[in-house]
Amino acid sequence: MIDLDKATLAVAGFQALLNRTPPEAVNVRVSSEAWTLSEIVGHLIDSASNNHQRFARLRLGNLDGFPGYEAETWVRAQDHDSCHFTILSQLWSAYNAFLLHLAETIPHTSLQNAWMKPEGPLTLGFLVNDYFSHLNLHAEHYAKRLAEVETALAQG
């Protein structure tokens, strides 16, 4: 069973964070190991993209041999900080609106289709719910980073 209410709230919550992000905050790096706000959004676009493929393919049957996702490598490779934040924000918003549509229209008979991984199978139902839980974790991460950046900007 997919928790559509939780999914919708997760998307709306992160959208609210994006809407209140000041332009001067998006590329501030608070430490050498910390992602910028743009990089966090870029990671979430990557997550949406990877999960879109899983969701669509799993509607058709089990999935074997599909690659995973290497977050740090992808974020470094894509240089999200050089992309205008409006583009990142709009892409994230549109992608997640579409993923909500996919979640709402998954045939009940497909929910048990599984991505076969070496550590064990993951069902489509699990992956959809997990995607939106992952989004909530990153919303907390984003909110904390935004507060750190706003404090750094206020201190000059």
**Asked** Taking the Cβ-Cβ separation of ASP130 and ASN19 as r and a Förster radius of 35 Å, what is the calculated FRET efficiency to the nearest 0.05?
**Response** 0.90
**Prompt:** What share of Cα pairs, in percent, lie more than 16 angstrom apart in the stretch 21-112?
**Reply:** 60 percent
**Fill in**
Quick calc of log₁₀ I(q)/I(0), the stretch 11-62, Debye, one scatterer on every Cα, no solvent, q values 0.20, 0.31 1/Å, result -0.79, -1.15
**Prompt:** What full-extension length gain, to one decimal in nm, is calculated for LYS6 and THR151 as 0.36 nm per residue of separation minus the Cα-Cα distance?
**Reply:** 49.1 nm
**Request:** Find the centroid of the Cα atoms in the stretch 1-33 and in the stretch 43-86, then give the distance between the two in whole Å.
**Result:** 17 Å
**Message:** Suppose only helical runs count, i.e. DSSP H with n ≥ 4. What mean residue ellipticity at 222 nm does that imply for the chain under -39500 (n - 2.57) per run, divided by all residues and rounded to the nearest 500 deg cm²/dmol?
**Reply:** -22000 deg cm²/dmol
**Asked** What ranking of THR36, THR8 emerges when the number of other C-beta atoms within 10 Å of each C-beta is taken as an exposure proxy, fewest first?
**Response** THR8, THR36
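Where a number appears in this text, it was derived from the coordinates with a stated rule and is not lab data. The structure displayed is predicted, hence computed values, not measured ones. Quick reminder, even Gly has a Cβ in these numbers, built from the backbone with ideal geometry, and neighbours come from all protein chains shown.
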